[in-house]
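S.K.: I am attaching a structure below and will ask some questions about it afterwards.
The values are calculated or read from the model by the stated rules, or taken from the named source; none is laboratory data. None of these values were measured; they are calculated from a predicted model. Cβ coordinates were reconstructed from backbone atoms using ideal geometry, including for glycine residues, and neighbour counts include every protein chain displayed. Please note that ligands, DNA and RNA were not included when accessible areas were found on the heavy atoms of the full protein model with its side chains. Shrake-Rupley method; radii C 1.70, N 1.55, O 1.52, S 1.80 Å.
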Amino acid sequence: MKRQRGHGQHSSCSSCCSCEHYGRRAFLGRLGAAGGSALALKMGLFGAATAEVLGAARAAGAGEKPVIRVAFSREDVESYFMGWPGAAYDIAASQQRYIEIMKGAAERLGLALDITGEPLTTAEEGEAFAAETVEKEPLGALLVVTSLNTGWPAVQGFLENRGELPTLVFAPQGMQFTPHLQPYRTMPRVFVGTTQHVEWLETAMGMFQAMWRMKSTRMATIAGDEEREETLAPLGTVLHHMPLAYFAELYDGTADCAEAEEIAAAYTRGAEDIVEPDQAEILEAARTYVANRQLMEAKGCHAVTMDCLGLVTARRTPPPCMAYLQLMNEGTCGACERDVPAALSLLLSSYLLGKPAFLHNPSPNTVHNTYMGAHCTAPTKMDGFDAEESPYILRSHHESDLGVAPQVILREEQEVTLMKFINPGSLMAASGKILTNIETQPDDGVGGCRTAFEMTVDGVTDSRDIRGHHNVLIYGNHLPMLRAYCQFAGIEASHIAGGPM
């Protein structure tokens, strides 16, 4: 029988007051970014070891920071005369400003800079710096061009001799014309940033950090009965495959968990309304979060994707929809249906763009020639980890009418990005705008998952051309950043309907 309990509980409080100590910083450790978690566990549940296990920077060894090699490419003079950037450009003061921006961002993001003291003035010096840099095995290199013509030969010498080392080149306004940039449009693992905004160097540091975090992430993939590990190229992300029964056993062990009761109370307080679920089901939903966190700590993993429908179909555990909402809000991810490319997409949104994304099932709207998406879990921190939460309603999981699933109310007229890894080395994306939320009620003739939307997609003639399943929706137009990151990280980029992004 269809349940219609409609408790009508409204609250302006969307955060957990009693269990906010164990936050996103502690959970992600050095892989994390700034910000807190509204529904975070108390330190007493897992203890301080969680930060050590989950925050271990695997690729560089415990306690080490990834290193970025930095050099300036220019004439070795105290001042310029004629030609760009001009005699009015203060070389020393400008270089100091660049260094301060880079150092400040690196400190915030947990990166180490190795800045060479002497400028690179010739192609031969660029080549020598490449050899020295490759030998040191840093995470990547950043070259700052500070003279129009004499700065570029050294860049060319470096790029042609650095192998596959990921490299960013920054050439602010006054240091380049279009012909200087043409050789690097398609060069693998290189992106040249040219802008009048010198603060872009902060973005450059963020791109290095995102690449490092993808490389340092261990993801639990839960299905079947096998346990093994594999590494995904070119990202470096490690998959730790494990049996589905392992999660079910952990869930059974949370039956008397006091922290789950606190989390269930927070879910209830934060909800705009409660329609189908009762309090017992809300508590069960909180237990799935605790079980996920226990699993991630036990296996040293930072993210999870699971064959959740298999367990729900067998009525073995409830849907983990609320747990995945919270994991995404914390800056990691819980991805449905053991979809590894979708999980990688959620992680990249968090790591690179600083906000969680909404994984969803796609549907073309052939009447409006638009795109519809729906799923039973969505983050409420769509604007960013430190932003206000979106309103949500507690509903049942629509396919089973069991458990708890959030109906998150998305912002209409919001510019958004659709994105999905096709595979670990290929990503597709497009921009668009949310038109409306889609409601699903028992008798309104509309089906599908609880959080649902309709949107336009830029550059699409026929909505049936939109590729992918479990695409992710991100607030904001991030195509320029995604294009830059893909070229820098060695990932093929394309439009979600095919062709260039």
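S.K.: Would you work out the charge dipole size for the stretch 260-403 about its Cα centre, treating the Cβ of every Lys and Arg as +1 and the Cβ of every Asp and Glu as -1, and quote it to the nearest 20 debye?
M.R.: So the magnitude is around 460 debye.
S.K.: Ignoring ligands, DNA and RNA, what percent of the accessible area of the stretch 98-173 is carbon or sulfur (1.4 Å)? Walk me through the numbers on the way to the answer.
M.R.: Working: 1440 of 3130 Å².
Carbon and sulfur: 46 percent of the exposed surface of the stretch 98-173.
S.K.: Let me ask something additional. In nm, give the distance between the simple-model label positions of residue 313 and residue 436, each being 7 Å from the Cα along the Cα-to-Cβ direction.
M.R.: 3.4
S.K.: Under 1.5 on a/c is rounded, so check that first for the stretch 92-183, then, if it is not, pick prolate when a/b is larger than b/c and oblate when it is not; a ≥ b ≥ c are the square roots of the alpha carbon gyration tensor eigenvalues.
M.R.: oblate
S.K.: Reachable aspartates and glutamates from residue 355, Cα under 16 Å, same-chain residues fewer than 8 places away excluded?
M.R.: Result set, ordered by chain and number: 330, 383, 386, 388, 389, 415.
S.K.: Mind running the shape call on the stretch 325-464? Use the C-alpha gyration tensor, a ≥ b ≥ c as the square roots of the eigenvalues: rounded below 1.5 for a/c, prolate if a/b tops b/c, oblate otherwise.
M.R.: Taking the square roots of the gyration eigenvalues as a ≥ b ≥ c, the stretch 325-464 is rounded.
S.K.: Put +1 on the Cβ of each Lys and Arg and -1 on the Cβ of each Asp and Glu in the chain; which of 172, 481, 407 then has its Cα farthest toward the positive end of the dipole?
M.R.: Toward the positive end, the furthest listed residue is 407.
S.K.: In addition: How would 464, 269, 162 line up by accessible area, probe 1.4 Å, largest first?
M.R.: If we order 464, 269, 162 from most to least accessible, we get 464, 269, 162.
S.K.: Follow-up question, since we're still on this one. Label the stretch 176-223 by shape, choosing from rounded, prolate and oblate, from the square roots a ≥ b ≥ c of the eigenvalues of the Cα gyration tensor; if a/c is under 1.5 it is rounded, and otherwise prolate applies when a/b is larger than b/c, oblate when it is not.
M.R.: Note, shape of the stretch 176-223 comes out oblate.
S.K.: Please turn the phi angles of the stretch 433-440 into ³J(HN,Hα) values with the Karplus equation 6.51 cos²θ - 1.76 cosθ + 1.60 (θ = phi - 60°), one per residue in order, whole Hz, x for glycine and proline.
M.R.: Karplus-based 3J(HN,Hα) across the stretch 433-440 equals 8, 6, 8, 7, 7, 10, 8, 10 Hz.
S.K.: Heads up, I need the accessible area for residue 109: 1.4 angstrom probe, whole protein in place, Å², nearest 10.
M.R.: 50
S.K.: Turning to a different aspect of this structure: When all C-alpha to C-alpha distances in the stretch 204-283 are sorted into bins of 10 Å, what percent of pairs does each bin hold, rounded to whole numbers?
M.R.: Taking every Cα pair in the stretch 204-283, the percentages come to 15, 25, 24, 29, 7.
S.K.: Can you give the % of DSSP beta bridges in the chain that are antiparallel, to the nearest 5?
M.R.: DSSP beta bridges in the chain are roughly 50 percent antiparallel.
S.K.: What does the helix-only formula give at 222 nm for the chain: each DSSP H stretch with n ≥ 4 adding -39500 (n - 2.57), the total divided by the residues, and the result rounded to the nearest 500 deg cm²/dmol?
M.R.: Rounded to the nearest 500, the figure is -9000 deg cm²/dmol.
S.K.: With the convex hull built on the Cα atoms of the chain, state its orientation-averaged projected area in nm².
M.R.: 24.1
S.K.: Could I ask something else about it? Could you look at the stretch 189-260 and say what percent of its accessible area is carbon and sulfur, using a 1.4 Å probe and all protein chains?
M.R.: Working: 1290 of 2710 Å².
It is 48 percent, rounded to a whole number.
S.K.: Quick check for you: with a 1.4 Å probe and neighbouring chains kept, what is the accessible area per residue of the chain, in Å²?
M.R.: On the way: 19380 Å² over 501 residues.
Computed with neighbouring chains in place, this is 39 Å² per residue.
S.K.: Let me check I've understood the local charge: for residue 80, count other residues with C-beta under 12 angstrom from its C-beta, Lys and Arg +1, Asp and Glu -1. What total comes out?
M.R.: -3
S.K.: While we're here: Between 181, 349, 195, whose Cα lies farthest towards the positive end of the dipole of the chain when Lys and Arg beta carbons carry +1 and Asp and Glu beta carbons carry -1, centred on the Cα centre?
M.R.: 349
S.K.: Over the stretch 230-317, what relative contact order in percent results from Cα pairs under 8 Å that are six or more residues apart?
M.R.: Value for the stretch 230-317: 33 percent.
S.K.: When the convex hull of the Cα atoms of the stretch 71-140 is projected onto a plane and the area is averaged over all directions, what value comes out in nm²?
M.R.: If I average the Cα hull's projected area over directions, I get 5.5 nm².
S.K.: Given charges of +1 on the Cβ of Lys and Arg and -1 on the Cβ of Asp and Glu, with all other atoms neutral, how large is the dipole of the chain about its Cα centre, in debye to the nearest 20? Display every interim value, and only then the final one.
M.R.: On the way: 39 positive and 60 negative charges, 29 e Å.
My answer is approximately 140 debye.
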